[in-house]
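One structure below.
The values are calculated or read from the model by the stated rules, or taken from the named source; none is laboratory data. Small disclaimer: the values here were computed from a predicted structure and weren't measured. In this analysis, Cβ positions are derived from the backbone assuming ideal geometry, glycine residues included, and neighbour counts consider all displayed protein chains.
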Amino acid sequence: MVTIHDKVSPVSVMLADSNPLVLSAMSEIFERDPRFSLVATSATAEGFLGTVMRVPVQVGVIDWNLPALGGAKLIEVLRDQETAPKLVVYADEVSDVPRKAMSAGAAGFAPRSGAVDGLLETCLAVSEGKMVFPYLDVRQLQTDPIEQLSRRERTMLEALSKGLTNKELSAELGITTNTVKFHLSNLYEKLSVKNRAQAIAFYYANRAERGDFRLEE
């Protein structure tokens with residue numbers, strides 16, 4: 001008697017890393033594993049973005065410091081795209097990268113210092129709709145004021161730091177002055193500040209504390 005089993009299609013993957021040795025090693029690992037189908041590789045964020053917007057890919061493995069956009073910006077660009085792959089950040093577990101990757105919208109994180117099997121299992125889990133991260137204090141993630149700001153509010157905070165008036169903010173952002181006041185009110189509440197001066201002080205204090213504090217869209 002012949003038993004026919006359902007054949008599971010391999011998970012399509014694209015890799016992006018600025019280090020050619022790492023990219024080559026990862027490519028070999030995924031090509032040897034029948035559970036995966038390696039679609040393409042890239043050394044830049046732009047190359048990765050250009051490919052996944054044209055070719056269906058289930059999981060993308062990216063370096064956090066990809067030139068020139070960087071991992072955070074790449075994730076931000078792709079997270080609103082319906083056909084975008086689920087992204088796994090493969091990087092050194094330093095400078096709070098796992099938390100930043102989660103905040104940006106990545107589906108998983110795998111440390112370079114970990115076993116190769118860990119990266120493969122993370123990719124499989126992510127392809128099934130799971131989120132895979134090392135232990136993170138979610139309470140800290142939720143209470144970080146910067147993580148609570150919308151993209152518009154982040155842009156407004158940066159514009160505020162330049163000393164723009166409400167009228168100038170209206171012109172720069174292409175919105176009415178009433179809408180500016182609405183966003184400012186929400187911004188002040190989220191930052192727990194009372195006025196423009198305190199918001200600007202918050203901006204510069206956090207930019208000094210967080211070397212990567214960038215607010216532009």
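Condition test on Leu157, is it out of contact with any strand residue (DSSP E or B) (no Cβ under 9 Å at 6 or more places or on another chain), at pLDDT 80 or above and surrounded by 15 or more Cβ atoms within 10 Å (Cβ to Cβ)?
Yes, satisfied.
For segment 44-61, give me each residue that is charged (D, E, K, R) and under 17 Å from the mean Cα position of the chain (by Cα).
Listed by number, the list holds a single entry, Glu46.
Here is a check on your reading of the model: is Asn19 within 16 Å of the chain's Cα centre (by Cα) and in the same structural domain as Val132 (by TED's automatic domain parsing)?
No: the conditions fail for Asn19.
How about segment 52-73: which of its residues are surrounded by 14 or more Cβ atoms within 10 Å (Cβ to Cβ) and either within 18 Å of Cys123 (Cα to Cα) or of a type in the set (Val, Ile, Thr) (or both)?
Once the filter is applied, which keeps residues that are surrounded by 14 or more Cβ atoms within 10 Å (Cβ to Cβ) and either within 18 Å of Cys123 (Cα to Cα) or of a type in the set (Val, Ile, Thr) (or both), segment 52-73 yields Val52, Val57, Gln58, Val59, Gly60, Val61, Ile62, Asp63, Trp64, Gly71.
Considering (1) at pLDDT 90 or above; (2) closer than 26 Å to Arg151 by Cα; (3) surrounded by fewer than 18 Cβ atoms within 10 Å (Cβ to Cβ), say which one Phe109 fails and leave the rest.
Among (1) at pLDDT 90 or above; (2) closer than 26 Å to Arg151 by Cα; (3) surrounded by fewer than 18 Cβ atoms within 10 Å (Cβ to Cβ), the lone unmet condition for Phe109 is (3).
Got a number for residues in segment 160-181 being surrounded by fewer than 15 Cβ atoms within 10 Å (Cβ to Cβ) and among the hydrophobic types (A, V, I, L, M, F, W, C)?
Matching residues across segment 160-181 total 1.
Hey, among the residues in segment 81-94 that are out of contact with any Ser or Thr (no Cβ under 9 Å at 6 or more places or on another chain) and under 20 Å from Ser12 (Cα atoms), which one's surrounded by the fewest Cβ atoms within 10 Å (Cβ to Cβ)?
That would be Glu82.
Taking the conditions exactly as written (in the same structural domain as Leu49 (by TED's automatic domain parsing), closer than 22 Å to Gly50 by Cα and at pLDDT below 90), does Val77 satisfy them or not?
Judged against the criteria, Val77 is a match.
Quick test of your reading of the structure: Val8 fulfils all but one of (1) farther than 18 Å from Pro134 by Cβ; (2) at pLDDT 90 or above; (3) of a type outside the set (Ser, Thr, Tyr). Name the failing condition by number.
All conditions pass for Val8, except number (2).
Going through Val116, Val89 one at a time, which residue ends up being more than 10 Å from the chain's Cα centre (by Cα) and β-branched (Val, Ile, Thr)?
Testing whether each residue is more than 10 Å from the chain's Cα centre (by Cα) and β-branched (Val, Ile, Thr) leaves just Val116.
Which residue pairs have Cβ atoms closer than 6 Å, lie 6 or more positions apart in sequence or on different chains, and pair a first residue in segment 192-213 that is assigned to a loop (DSSP other than H, G, I, E, B) and modelled with pLDDT of 70 or more with a second residue that is surrounded by 14 or more Cβ atoms within 10 Å (Cβ to Cβ) and small (Gly, Ala, Ser)?
From residues that are assigned to a loop (DSSP other than H, G, I, E, B) and modelled with pLDDT of 70 or more, the pairs are Val193/Ala199.
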